[in-house]
Ligand code: NDP
Ligand code: BG6
(Lines give C-alpha, C1' and ligand atoms only; values in the text may rest on other atoms or scores of the structure.)
(Ligands and ions follow the chains in the order given, each with its own letter.)
Protein backbone atom coordinates (compact mmCIF):
# COMPACT_ATOMS: atom_id res chain seq x y z
CA UNK A 1 0.00 0.00 0.00
CA UNK A 2 1.00 3.63 -0.23
CA UNK A 3 1.79 3.67 3.49
CA UNK A 4 4.48 1.04 3.02
CA UNK A 5 6.00 2.87 0.11
CA UNK A 6 6.26 6.05 2.16
CA UNK A 7 7.83 4.21 5.01
CA UNK A 8 10.45 2.65 2.78
CA UNK A 9 11.15 5.92 1.10
CA UNK A 10 11.51 7.67 4.41
CA UNK A 11 13.64 4.87 5.84
CA UNK A 12 16.28 5.43 3.25
CA UNK A 13 17.11 8.70 4.98
CA UNK A 14 16.17 7.81 8.50
CA UNK A 15 17.41 10.33 11.07
CA UNK A 16 20.68 9.82 12.82
CA UNK A 17 21.90 10.86 16.19
CA UNK A 18 25.38 11.44 17.58
CA UNK A 19 26.57 8.99 20.25
CA UNK A 20 30.07 9.88 21.39
CA UNK A 21 31.83 10.49 18.08
CA UNK A 22 29.66 8.15 16.08
CA UNK A 23 26.41 8.76 14.25
CA UNK A 24 23.89 5.98 14.70
CA UNK A 25 20.44 5.63 13.17
CA UNK A 26 17.58 6.56 15.48
CA UNK A 27 16.05 3.20 16.17
CA UNK A 28 14.51 3.67 19.59
CA UNK A 29 10.81 3.86 20.13
CA UNK A 30 9.07 7.18 19.77
CA UNK A 31 6.71 8.66 22.35
CA UNK A 32 4.68 11.67 21.26
CA UNK A 33 3.18 13.50 24.20
CA UNK A 34 0.44 16.03 23.45
CA UNK A 35 0.10 18.42 26.40
CA UNK A 36 -3.23 20.24 26.32
CA UNK A 37 -4.83 17.13 24.81
CA UNK A 38 -8.30 18.27 25.86
CA UNK A 39 -8.07 21.43 23.77
CA UNK A 40 -9.02 22.77 20.37
CA UNK A 41 -5.62 22.54 18.69
CA UNK A 42 -5.14 18.96 19.83
CA UNK A 43 -8.57 17.97 18.57
CA UNK A 44 -8.59 19.82 15.26
CA UNK A 45 -4.98 19.69 14.19
CA UNK A 46 -2.54 17.64 16.27
CA UNK A 47 -4.35 14.32 16.57
CA UNK A 48 -5.69 14.45 12.99
CA UNK A 49 -2.16 15.15 11.71
CA UNK A 50 -0.81 12.24 13.74
CA UNK A 51 -3.58 10.07 12.34
CA UNK A 52 -2.71 10.97 8.75
CA UNK A 53 0.97 10.38 9.39
CA UNK A 54 0.00 7.01 10.83
CA UNK A 55 -2.07 6.14 7.76
CA UNK A 56 0.83 7.02 5.47
CA UNK A 57 3.22 4.79 7.39
CA UNK A 58 5.19 7.53 9.12
CA UNK A 59 4.19 6.38 12.61
CA UNK A 60 4.80 2.64 12.65
CA UNK A 61 2.87 1.13 15.59
CA UNK A 62 5.86 -1.04 16.41
CA UNK A 63 7.84 2.04 17.49
CA UNK A 64 5.28 4.65 18.42
CA UNK A 65 3.03 5.50 21.30
CA UNK A 66 1.02 8.66 21.81
CA UNK A 67 0.14 10.22 25.15
CA UNK A 68 -2.40 12.93 25.86
CA UNK A 69 -1.94 15.07 28.97
CA UNK A 70 -4.18 17.80 30.43
CA UNK A 71 -5.94 18.81 33.64
CA UNK A 72 -9.38 17.67 32.51
CA UNK A 73 -10.24 14.40 34.15
CA UNK A 74 -11.23 11.96 31.43
CA UNK A 75 -10.42 8.33 30.71
CA UNK A 76 -8.38 6.95 27.80
CA UNK A 77 -11.60 5.98 26.09
CA UNK A 78 -13.18 9.39 26.53
CA UNK A 79 -10.20 11.02 24.86
CA UNK A 80 -10.22 8.40 22.10
CA UNK A 81 -13.93 8.98 21.49
CA UNK A 82 -13.42 12.72 21.20
CA UNK A 83 -10.68 12.17 18.64
CA UNK A 84 -12.73 9.55 16.81
CA UNK A 85 -15.69 11.95 16.63
CA UNK A 86 -13.55 14.62 15.02
CA UNK A 87 -11.76 12.28 12.62
CA UNK A 88 -14.99 10.75 11.46
CA UNK A 89 -16.70 14.11 10.95
CA UNK A 90 -13.70 15.60 9.10
CA UNK A 91 -12.62 12.77 6.85
CA UNK A 92 -15.47 10.48 6.19
CA UNK A 93 -13.20 8.64 3.76
CA UNK A 94 -10.97 7.23 6.55
CA UNK A 95 -11.77 3.57 7.04
CA UNK A 96 -13.01 3.10 10.59
CA UNK A 97 -10.64 0.19 11.19
CA UNK A 98 -7.66 2.55 10.61
CA UNK A 99 -9.16 5.00 13.08
CA UNK A 100 -9.63 2.25 15.66
CA UNK A 101 -6.08 0.95 15.27
CA UNK A 102 -4.69 4.46 15.56
CA UNK A 103 -6.72 5.19 18.68
CA UNK A 104 -5.24 2.13 20.36
CA UNK A 105 -1.87 3.92 20.30
CA UNK A 106 -3.23 6.68 22.54
CA UNK A 107 -3.19 6.84 26.30
CA UNK A 108 -4.31 9.70 28.51
CA UNK A 109 -2.79 11.01 31.73
CA UNK A 110 -4.42 13.76 33.74
CA UNK A 111 -2.45 16.24 35.81
CA UNK A 112 -1.73 19.90 36.38
CA UNK A 113 0.84 21.95 34.51
CA UNK A 114 2.89 22.97 37.50
CA UNK A 115 3.00 20.07 39.95
CA UNK A 116 5.27 17.05 40.12
CA UNK A 117 2.63 14.39 40.54
CA UNK A 118 1.11 14.43 37.06
CA UNK A 119 4.48 14.58 35.32
CA UNK A 120 5.85 11.74 37.43
CA UNK A 121 2.86 9.69 36.42
CA UNK A 122 3.39 10.67 32.78
CA UNK A 123 7.03 9.64 32.96
CA UNK A 124 6.03 6.32 34.43
CA UNK A 125 3.61 5.67 31.59
CA UNK A 126 6.13 6.64 28.93
CA UNK A 127 8.82 4.45 30.53
CA UNK A 128 6.37 1.55 30.67
CA UNK A 129 5.79 1.88 26.97
CA UNK A 130 9.52 2.14 26.26
CA UNK A 131 10.21 -1.01 28.23
CA UNK A 132 7.41 -2.89 26.53
CA UNK A 133 8.86 -1.97 23.14
CA UNK A 134 12.27 -3.26 24.27
CA UNK A 135 13.82 0.02 23.32
CA UNK A 136 17.59 0.02 23.83
CA UNK A 137 18.01 1.79 27.08
CA UNK A 138 18.28 5.49 26.44
CA UNK A 139 17.83 5.33 22.67
CA UNK A 140 14.17 6.26 23.04
CA UNK A 141 12.81 9.47 21.59
CA UNK A 142 10.39 11.70 23.47
CA UNK A 143 8.58 14.48 21.66
CA UNK A 144 6.61 16.85 23.91
CA UNK A 145 4.07 18.91 21.99
CA UNK A 146 2.77 21.90 23.95
CA UNK A 147 -0.76 22.45 22.60
CA UNK A 148 -1.26 24.97 25.38
CA UNK A 149 -1.51 28.69 26.02
CA UNK A 150 1.98 30.24 26.23
CA UNK A 151 1.36 31.34 29.82
CA UNK A 152 2.01 27.76 30.97
CA UNK A 153 5.04 26.99 28.76
CA UNK A 154 7.66 27.84 31.44
CA UNK A 155 6.14 25.68 34.16
CA UNK A 156 5.46 22.80 31.74
CA UNK A 157 9.04 22.95 30.42
CA UNK A 158 10.38 22.91 33.97
CA UNK A 159 8.28 19.86 34.80
CA UNK A 160 9.41 18.02 31.67
CA UNK A 161 13.04 18.86 32.39
CA UNK A 162 12.73 17.69 35.96
CA UNK A 163 10.64 14.54 35.58
CA UNK A 164 10.28 13.41 31.99
CA UNK A 165 13.58 13.46 30.16
CA UNK A 166 14.80 10.30 28.46
CA UNK A 167 16.88 8.41 30.93
CA UNK A 168 20.42 8.01 29.59
CA UNK A 169 22.84 9.43 27.06
CA UNK A 170 22.97 6.41 24.75
CA UNK A 171 21.46 8.18 21.74
CA UNK A 172 17.81 9.10 21.46
CA UNK A 173 16.53 12.52 22.37
CA UNK A 174 13.95 14.67 24.16
CA UNK A 175 12.45 17.53 22.13
CA UNK A 176 9.78 20.08 22.81
CA UNK A 177 7.47 21.76 20.35
CA UNK A 178 5.99 25.10 21.36
CA UNK A 179 3.15 26.85 19.62
CA UNK A 180 2.64 30.46 18.75
CA UNK A 181 2.07 33.07 20.09
CA UNK A 182 5.48 33.02 21.71
CA UNK A 183 4.69 35.35 24.61
CA UNK A 184 2.52 38.47 24.67
CA UNK A 185 5.03 41.14 23.67
CA UNK A 186 8.73 41.58 23.08
CA UNK A 187 9.59 41.52 26.79
CA UNK A 188 7.63 38.39 27.56
CA UNK A 189 8.91 36.65 24.39
CA UNK A 190 12.49 37.35 25.44
CA UNK A 191 11.76 36.17 28.95
CA UNK A 192 10.12 33.01 27.65
CA UNK A 193 13.07 32.40 25.36
CA UNK A 194 15.54 32.64 28.19
CA UNK A 195 13.37 30.50 30.51
CA UNK A 196 13.09 27.72 27.93
CA UNK A 197 16.71 28.24 26.89
CA UNK A 198 17.88 27.50 30.43
CA UNK A 199 16.11 24.16 30.34
CA UNK A 200 16.72 22.93 26.79
CA UNK A 201 19.40 23.36 24.14
CA UNK A 202 18.36 25.18 20.98
CA UNK A 203 18.33 22.01 18.80
CA UNK A 204 15.78 20.51 21.20
CA UNK A 205 13.33 23.40 20.83
CA UNK A 206 10.88 23.68 17.95
CA UNK A 207 8.88 26.91 17.80
CA UNK A 208 6.13 26.18 15.37
CA UNK A 209 4.11 28.38 13.07
CA UNK A 210 1.94 26.06 11.06
CA UNK A 211 1.33 28.58 8.29
CA UNK A 212 4.89 27.89 7.17
CA UNK A 213 3.87 24.29 6.55
CA UNK A 214 1.02 25.21 4.20
CA UNK A 215 1.64 24.17 0.61
CA UNK A 216 1.19 27.60 -0.91
CA UNK A 217 3.24 29.32 1.75
CA UNK A 218 6.07 26.88 1.09
CA UNK A 219 5.61 27.62 -2.57
CA UNK A 220 6.33 31.33 -2.06
CA UNK A 221 10.09 30.87 -2.04
CA UNK A 222 9.98 28.88 -5.27
CA UNK A 223 7.53 31.21 -6.90
CA UNK A 224 9.49 34.32 -6.13
CA UNK A 225 13.02 33.11 -6.65
CA UNK A 226 12.75 30.40 -9.31
CA UNK A 227 10.78 32.44 -11.84
CA UNK A 228 12.42 35.06 -14.01
CA UNK A 229 8.96 36.32 -14.75
CA UNK A 230 8.36 37.83 -11.31
CA UNK A 231 11.80 39.28 -10.66
CA UNK A 232 11.40 42.64 -12.44
CA UNK A 233 7.77 43.13 -11.35
CA UNK A 234 8.02 42.51 -7.62
CA UNK A 235 8.57 46.04 -6.38
CA UNK A 236 7.19 49.54 -5.78
CA UNK A 237 7.41 50.46 -9.47
CA UNK A 238 4.74 47.92 -10.38
CA UNK A 239 2.85 46.92 -7.26
CA UNK A 240 0.21 49.20 -5.78
CA UNK A 241 -0.56 47.27 -2.59
CA UNK A 242 -0.39 43.81 -1.07
CA UNK A 243 -3.23 42.34 0.98
CA UNK A 244 -2.74 39.38 3.26
CA UNK A 245 -6.08 38.19 4.52
CA UNK A 246 -7.27 35.59 7.01
CA UNK A 247 -10.98 34.98 7.60
CA UNK A 248 -12.76 32.33 9.55
CA UNK A 249 -16.47 31.61 9.45
CA UNK A 250 -16.56 30.39 13.06
CA UNK A 251 -15.91 32.10 16.36
CA UNK A 252 -13.79 31.15 19.31
CA UNK A 253 -16.33 28.71 20.76
CA UNK A 254 -14.92 27.16 23.91
CA UNK A 255 -11.44 28.61 23.34
CA UNK A 256 -11.90 31.69 25.49
CA UNK A 257 -9.41 30.22 27.98
CA UNK A 258 -6.66 30.83 25.48
CA UNK A 259 -8.02 33.34 22.97
CA UNK A 260 -9.35 36.03 25.26
CA UNK A 261 -5.93 36.58 26.82
CA UNK A 262 -4.33 37.10 23.39
CA UNK A 263 -6.79 38.47 20.79
CA UNK A 264 -6.65 38.33 17.01
CA UNK A 265 -3.42 40.32 16.58
CA UNK A 266 -1.40 37.98 18.73
CA UNK A 267 -3.31 34.91 17.57
CA UNK A 268 -3.02 35.42 13.81
CA UNK A 269 -1.38 38.65 12.65
CA UNK A 270 1.83 38.77 14.66
CA UNK A 271 2.77 35.23 13.65
CA UNK A 272 0.95 33.68 10.67
CA UNK A 273 0.41 36.83 8.62
CA UNK A 274 3.79 38.34 9.44
CA UNK A 275 5.50 35.15 8.34
CA UNK A 276 3.64 35.35 5.05
CA UNK A 277 4.47 39.05 4.72
CA UNK A 278 8.15 38.29 5.24
CA UNK A 279 8.16 35.67 2.50
CA UNK A 280 6.37 38.01 0.12
CA UNK A 281 8.59 41.01 0.85
CA UNK A 282 12.07 39.66 1.61
CA UNK A 283 15.10 39.66 -0.65
CA UNK A 284 16.51 36.40 -2.00
CA UNK A 285 18.33 34.52 0.76
CA UNK A 286 21.88 33.45 -0.05
CA UNK A 287 20.86 29.82 0.46
CA UNK A 288 17.96 27.76 1.76
CA UNK A 289 19.59 27.31 5.18
CA UNK A 290 17.08 28.30 7.86
CA UNK A 291 19.40 30.92 9.32
CA UNK A 292 19.80 32.59 5.93
CA UNK A 293 16.03 32.66 5.39
CA UNK A 294 15.58 34.05 8.87
CA UNK A 295 18.18 36.77 8.21
CA UNK A 296 16.19 38.06 5.26
CA UNK A 297 12.92 37.95 7.19
CA UNK A 298 14.43 39.90 10.05
CA UNK A 299 15.59 42.61 7.64
CA UNK A 300 12.02 43.02 6.41
CA UNK A 301 10.69 43.33 9.95
CA UNK A 302 13.39 45.77 10.91
CA UNK A 303 12.29 47.96 7.99
CA UNK A 304 8.65 48.11 9.08
CA UNK A 305 7.75 51.62 10.24
CA UNK A 306 5.80 52.17 13.47
CA UNK A 307 2.13 51.59 12.78
CA UNK A 308 -0.13 54.66 12.73
CA UNK A 309 -3.28 54.57 14.85
CA UNK A 310 -5.37 55.73 11.91
CA UNK A 311 -4.17 52.70 9.95
CA UNK A 312 -5.58 50.19 12.40
CA UNK A 313 -9.16 48.97 12.73
CA UNK A 314 -10.22 46.67 15.55
CA UNK A 315 -13.51 44.94 16.15
CA UNK A 316 -15.25 42.25 18.13
CA UNK A 317 -17.97 40.06 16.67
CA UNK A 318 -21.40 40.17 18.20
CA UNK A 319 -21.96 37.21 20.45
CA UNK A 320 -18.28 36.74 21.34
CA UNK A 321 -19.02 37.43 25.01
CA UNK A 322 -21.85 34.89 25.04
CA UNK A 323 -19.20 32.17 25.04
CA UNK A 324 -19.06 31.01 28.69
CA UNK A 325 -15.25 30.76 28.49
CA UNK A 326 -15.05 34.51 27.66
CA UNK A 327 -15.30 37.11 30.45
CA UNK A 328 -18.53 39.17 30.31
CA UNK A 329 -16.81 42.52 29.75
CA UNK A 330 -14.07 41.36 27.43
CA UNK A 331 -12.65 44.00 25.13
CA UNK A 332 -10.48 41.56 23.19
CA UNK A 333 -10.50 42.15 19.42
CA UNK A 334 -11.59 39.28 17.19
CA UNK A 335 -11.06 41.34 14.01
CA UNK A 336 -8.18 43.58 12.99
CA UNK A 337 -6.93 45.37 9.91
CA UNK A 338 -3.44 46.82 10.11
CA UNK A 339 -1.42 48.59 7.43
CA UNK A 340 2.31 47.93 7.52
CA UNK A 341 4.75 50.09 5.60
CA UNK A 342 8.14 48.72 4.72
CA UNK A 343 10.74 51.43 4.55
CA UNK A 344 13.21 50.07 2.01
CA UNK A 345 14.21 50.47 -1.61
CA UNK A 346 11.87 47.76 -2.88
CA UNK A 347 8.70 48.62 -0.97
CA UNK A 348 8.67 52.31 -0.02
CA UNK A 349 5.09 53.59 -0.52
CA UNK A 350 3.46 50.17 -0.96
CA UNK A 351 0.95 49.43 1.82
CA UNK A 352 0.84 45.88 3.11
CA UNK A 353 -2.70 45.48 4.36
CA UNK A 354 -3.07 42.67 6.90
CA UNK A 355 -6.62 41.61 7.81
CA UNK A 356 -7.74 38.88 10.17
CA UNK A 357 -11.10 38.07 11.62
CA UNK A 358 -13.12 35.36 13.29
CA UNK A 359 -16.83 34.68 12.82
CA UNK A 360 -16.95 36.34 9.39
CA UNK A 361 -19.01 35.24 6.41
CA UNK A 362 -16.44 32.89 4.88
CA UNK A 363 -13.25 30.94 5.59
CA UNK A 364 -10.35 32.02 3.45
CA UNK A 365 -6.65 32.85 3.63
CA UNK A 366 -5.08 34.59 0.67
CA UNK A 367 -2.44 36.98 -0.58
CA UNK A 368 -3.57 39.55 -3.15
CA UNK A 369 -0.89 41.46 -4.99
CA UNK A 370 -2.53 44.38 -6.79
CA UNK A 371 -0.61 45.99 -9.61
CA UNK A 372 -0.62 49.64 -10.63
CA UNK A 373 -2.64 50.88 -13.56
CA UNK A 374 -1.07 50.68 -17.00
CA UNK A 375 0.42 54.09 -17.80
CA UNK A 376 -1.03 55.78 -20.88
CA UNK A 377 -3.98 53.42 -21.07
CA UNK A 378 -5.39 53.45 -24.63
CA UNK A 379 -8.19 50.93 -23.91
CA UNK A 380 -9.90 52.74 -21.06
CA UNK A 381 -9.86 49.47 -19.15
CA UNK A 382 -9.19 51.06 -15.79
CA UNK A 383 -12.79 50.66 -14.70
CA UNK A 384 -12.72 46.92 -15.36
CA UNK A 385 -10.07 46.27 -12.74
CA UNK A 386 -6.34 46.09 -12.42
CA UNK A 387 -3.89 43.27 -12.87
CA UNK A 388 -3.93 41.23 -9.74
CA UNK A 389 -2.04 38.15 -8.68
CA UNK A 390 -3.83 36.06 -6.07
CA UNK A 391 -2.37 33.22 -4.04
CA UNK A 392 -5.12 31.37 -2.21
CA UNK A 393 -3.64 29.47 0.71
CA UNK A 394 -6.97 27.89 1.62
CA UNK A 395 -9.49 26.52 1.00
CA UNK A 396 -8.87 25.05 -2.48
CA UNK A 397 -5.27 26.07 -2.97
CA UNK A 398 -4.81 28.14 -6.11
CA UNK A 399 -2.82 30.87 -7.80
CA UNK A 400 -4.43 33.04 -10.40
CA UNK A 401 -3.56 36.12 -12.31
CA UNK A 402 -6.22 38.62 -13.29
CA UNK A 403 -5.40 40.22 -16.57
CA UNK A 404 -7.00 42.09 -19.46
CA UNK A 405 -7.66 40.31 -22.73
CA UNK A 406 -9.49 41.14 -25.90
CA UNK A 407 -13.09 40.06 -25.71
CA UNK A 408 -13.16 37.15 -28.17
CA UNK A 409 -15.18 38.02 -31.26
CA UNK A 410 -15.37 40.64 -33.95
CA UNK A 411 -15.43 43.66 -31.71
CA UNK A 412 -12.28 45.23 -30.27
CA UNK A 413 -13.24 45.45 -26.65
CA UNK A 414 -11.45 44.39 -23.49
CA UNK A 415 -12.48 42.12 -20.68
CA UNK A 416 -10.84 40.95 -17.48
CA UNK A 417 -9.94 37.26 -17.44
CA UNK A 418 -7.81 34.86 -15.42
CA UNK A 419 -4.78 32.65 -15.82
CA UNK A 420 -5.75 30.04 -13.32
CA UNK A 421 -3.61 27.44 -11.56
CA UNK A 422 -6.07 25.68 -9.30
CA UNK A 423 -4.24 22.89 -7.57
CA UNK A 424 -7.16 20.47 -7.48
CA UNK A 425 -7.49 20.54 -11.25
CA UNK A 426 -3.81 20.81 -12.12
CA UNK A 427 -2.55 18.17 -9.67
CA UNK A 428 -5.35 15.64 -9.76
CA UNK A 429 -4.71 12.64 -7.55
CA UNK A 430 -2.12 14.47 -5.43
CA UNK A 431 -3.14 14.84 -1.80
CA UNK A 432 -1.86 18.05 -0.33
CA UNK A 433 -0.76 17.33 3.23
CA UNK A 434 -2.08 19.37 6.11
CA UNK A 435 0.48 21.83 7.43
CA UNK A 436 0.74 20.01 10.75
CA UNK A 437 1.63 16.73 9.05
CA UNK A 438 4.74 18.32 7.57
CA UNK A 439 5.64 20.11 10.75
CA UNK A 440 5.27 17.20 13.13
CA UNK A 441 7.09 14.83 10.80
CA UNK A 442 9.94 17.29 10.58
CA UNK A 443 10.38 17.31 14.33
CA UNK A 444 11.21 13.61 14.52
CA UNK A 445 12.26 12.77 10.97
CA UNK A 446 13.62 15.89 9.33
CA UNK A 447 13.26 16.22 5.60
CA UNK A 448 16.70 16.44 4.00
CA UNK A 449 15.42 18.49 1.07
CA UNK A 450 14.15 21.44 3.02
CA UNK A 451 16.35 22.55 5.83
CA UNK A 452 15.53 21.41 9.35
CA UNK A 453 13.71 23.96 11.46
CA UNK A 454 12.53 26.02 8.51
CA UNK A 455 9.23 26.28 10.31
CA UNK A 456 10.58 27.83 13.45
CA UNK A 457 9.69 31.35 14.33
CA UNK A 458 13.31 32.00 15.35
CA UNK A 459 13.06 35.25 17.21
CA UNK A 460 11.07 37.42 14.83
CA UNK A 461 10.68 40.66 16.75
CA UNK A 462 7.18 41.27 18.06
CA UNK A 463 6.85 44.65 16.42
CA UNK A 464 3.09 44.89 16.57
CA UNK A 465 3.01 44.24 20.25
CA UNK A 466 5.24 47.21 20.94
CA UNK A 467 2.31 49.49 20.23
P1 NDP B 1 -7.52 25.91 24.20
O2 NDP B 1 -8.20 27.07 24.81
O3 NDP B 1 -8.35 24.83 23.63
O4 NDP B 1 -6.48 25.34 25.29
C5 NDP B 1 -5.83 24.07 25.20
C6 NDP B 1 -5.90 23.40 26.56
O7 NDP B 1 -5.09 24.13 27.48
C8 NDP B 1 -7.29 23.38 27.17
O9 NDP B 1 -7.99 22.22 26.77
C10 NDP B 1 -7.02 23.40 28.64
O11 NDP B 1 -6.80 22.07 29.08
C12 NDP B 1 -5.70 24.16 28.76
N13 NDP B 1 -5.90 25.56 29.12
C14 NDP B 1 -6.72 26.48 28.54
N15 NDP B 1 -6.60 27.68 29.11
C16 NDP B 1 -5.69 27.53 30.09
C17 NDP B 1 -5.12 28.41 31.04
N18 NDP B 1 -5.50 29.70 31.09
N19 NDP B 1 -4.20 27.92 31.89
C20 NDP B 1 -3.81 26.62 31.84
N21 NDP B 1 -4.31 25.75 30.94
C22 NDP B 1 -5.24 26.19 30.08
O23 NDP B 1 -6.53 26.51 23.09
P24 NDP B 1 -6.03 25.92 21.71
O25 NDP B 1 -5.90 24.44 21.80
O26 NDP B 1 -6.86 26.46 20.65
O27 NDP B 1 -4.61 26.62 21.58
C28 NDP B 1 -3.47 26.17 22.28
C29 NDP B 1 -2.25 26.74 21.58
O30 NDP B 1 -2.24 26.27 20.24
C31 NDP B 1 -2.24 28.25 21.52
O32 NDP B 1 -0.92 28.68 21.75
C33 NDP B 1 -2.66 28.55 20.08
O34 NDP B 1 -2.07 29.73 19.59
C35 NDP B 1 -2.09 27.37 19.34
N36 NDP B 1 -2.78 27.05 18.08
C37 NDP B 1 -4.11 26.73 18.05
C38 NDP B 1 -4.71 26.36 16.86
C39 NDP B 1 -6.14 25.99 16.78
O40 NDP B 1 -6.62 25.75 15.66
N41 NDP B 1 -6.86 25.89 17.88
C42 NDP B 1 -3.93 26.30 15.60
C43 NDP B 1 -2.55 26.70 15.75
C44 NDP B 1 -2.01 27.04 16.94
P45 NDP B 1 -7.14 21.55 30.57
O46 NDP B 1 -8.02 22.55 31.22
O47 NDP B 1 -7.80 20.22 30.36
O48 NDP B 1 -5.80 21.41 31.18
C1 BG6 C 1 -4.33 29.16 14.94
C2 BG6 C 1 -5.20 30.09 15.72
O3 BG6 C 1 -3.01 29.56 15.02
O4 BG6 C 1 -4.75 29.13 13.59
C5 BG6 C 1 -6.66 29.75 15.57
O6 BG6 C 1 -4.84 30.00 17.10
C7 BG6 C 1 -7.06 29.60 14.13
O8 BG6 C 1 -7.43 30.77 16.18
C9 BG6 C 1 -6.09 28.69 13.40
O10 BG6 C 1 -8.36 29.07 14.07
C11 BG6 C 1 -6.35 28.68 11.91
O12 BG6 C 1 -5.56 27.72 11.27
P13 BG6 C 1 -5.96 27.21 9.82
O14 BG6 C 1 -4.81 26.36 9.42
O15 BG6 C 1 -7.22 26.44 9.99
O16 BG6 C 1 -6.11 28.42 9.00
>> Being more than 8 Å from the chain's Cα centre (by Cα) and within 12 Å of ligand 1 (Cβ to nearest atom) is the filter here; which residues of region 198-216 pass it?
In response: 207
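Each row is one residue, and each column tells you yes or no for (1) within 13 Å of ligand 2 (Cβ to nearest atom); (2) buried (at least 16 other Cβ atoms within 10 Å of the Cβ).
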| residue | (1), (2) |
| --- | --- |
| 254 | yes, no |
| 262 | yes, yes |
| 283 | no, no |
| 305 | no, no |
| 309 | no, no |
> If you go through region 312-323 one residue at a time, do you hit one that is within 16 Å of ligand 1 (Cβ to nearest atom), assigned to a loop (DSSP other than H, G, I, E, B) and touching a helix residue (DSSP H, G or I) at 6+ places or on another chain (Cβ under 9 Å)?
Replying inline: yes
> So residue 359 clears everything in (1) free of Cβ contacts under 8 Å to residues at least 40 places away in the same chain; (2) touching a helix residue (DSSP H, G or I) at 6+ places or on another chain (Cβ under 8 Å) except one condition, right? Which one?
Replying inline: (1)
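Against the condition within 16 Å of ligand 2 (Cβ to nearest atom), modelled with pLDDT of 60 or more and surrounded by fewer than 21 Cβ atoms within 10 Å (Cβ to Cβ), how does residue 48 come out, does it pass?
Working: within 16 Å of ligand 2 (Cβ to nearest atom): yes; modelled with pLDDT of 60 or more: yes; surrounded by fewer than 21 Cβ atoms within 10 Å (Cβ to Cβ): yes.
Yes; evaluated as a whole, the condition is true for this residue.
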> Hey, residue 255 hits all of (1) over 26 Å from residue 374 (Cβ atoms); (2) modelled with pLDDT of 95 or more but one; which does it fall short on?
Replying inline: (2)
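Please find, within region 244-283, the residue that is farthest from residue 220 (Cα to Cα) out of those that are more than 16 Å from ligand 1 (Cβ to nearest atom) and in contact (Cβ under 8 Å) with a residue 60 or more places away in the chain. Walk me through how you get there before you give the answer.
To start, the set of residues in region 244-283 that are more than 16 Å from ligand 1 (Cβ to nearest atom) comprises 244-245, 277-283.
This time we only want the ones that are in contact (Cβ under 8 Å) with a residue 60 or more places away in the chain, so: 244-245, 277-281, 283.
Working: 244: 13, 245: 16, 277: 10, 278: 10, 279: 7, 280: 7, 281: 10, 283: 12 Å.
Restricting to residues being more than 16 Å from ligand 1 (Cβ to nearest atom) and in contact (Cβ under 8 Å) with a residue 60 or more places away in the chain, the top hit is 245.
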> Taking region 332-389 only, how many residues are under 19 Å from residue 277 (Cα atoms) and either under 28 Å from the mean Cα position of the chain (by Cα) or not in a strand (DSSP E or B) (or both)?
Replying inline: 32
> From the set of residues in region 196-219 that are within 16 Å of ligand 2 (Cβ to nearest atom) and in a loop (DSSP other than H, G, I, E, B), which is farthest from residue 149 (Cα to Cα)?
Replying inline: 214
> Any residue at all in region 289-301 that is surrounded by fewer than 20 Cβ atoms within 10 Å (Cβ to Cβ) and farther than 21 Å from residue 208 by Cα?
Replying inline: no
>> Give all pairs with beta carbons closer than 6 Å in which a residue from region 68-88 that is touching a residue at least 24 places away in the same chain (Cβ under 8 Å) meets a residue that is in a strand (DSSP E or B) and more than 15 Å from ligand 1 (Cβ to nearest atom); count only pairs at least 6 apart in sequence or on separate chains.
In response: 76/107; 80/106
> Looking at 433, 448, which is the one that is under 30 Å from residue 204 (Cβ atoms) and modelled with pLDDT under 80?
Replying inline: 448
> So which residues in region 220-243 are out of contact with any helix residue (DSSP H, G or I) (no Cβ under 8 Å at 6 or more places or on another chain), touching a residue at least 40 places away in the same chain (Cβ under 8 Å) and in a helix (DSSP H, G or I), if there are any at all?
Replying inline: 225
> What strands (runs of 3 or more DSSP E), lying completely within region 96-194, carry at least 3 residues that are free of Cβ contacts under 8 Å to residues at least 60 places away in the same chain and touching a strand residue (DSSP E or B) at 6+ places or on another chain (Cβ under 8 Å)?
Replying inline: 106-110, 173-179
>> So, residue 74, is that one over 20 Å from the mean Cα position of the chain (by Cα), in a loop (DSSP other than H, G, I, E, B), surrounded by fewer than 19 Cβ atoms within 10 Å (Cβ to Cβ) and at pLDDT 95 or above or not?
In response: yes
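The values are calculated or read from the model by the stated rules, or taken from the named source; none is laboratory data. Treat the numbers as computed from the prediction; the structure is a model and nothing was measured. A quick note on method: Cβ atoms are made from the backbone with ideal geometry, for glycine too, and the neighbour counts reach across all protein chains shown.
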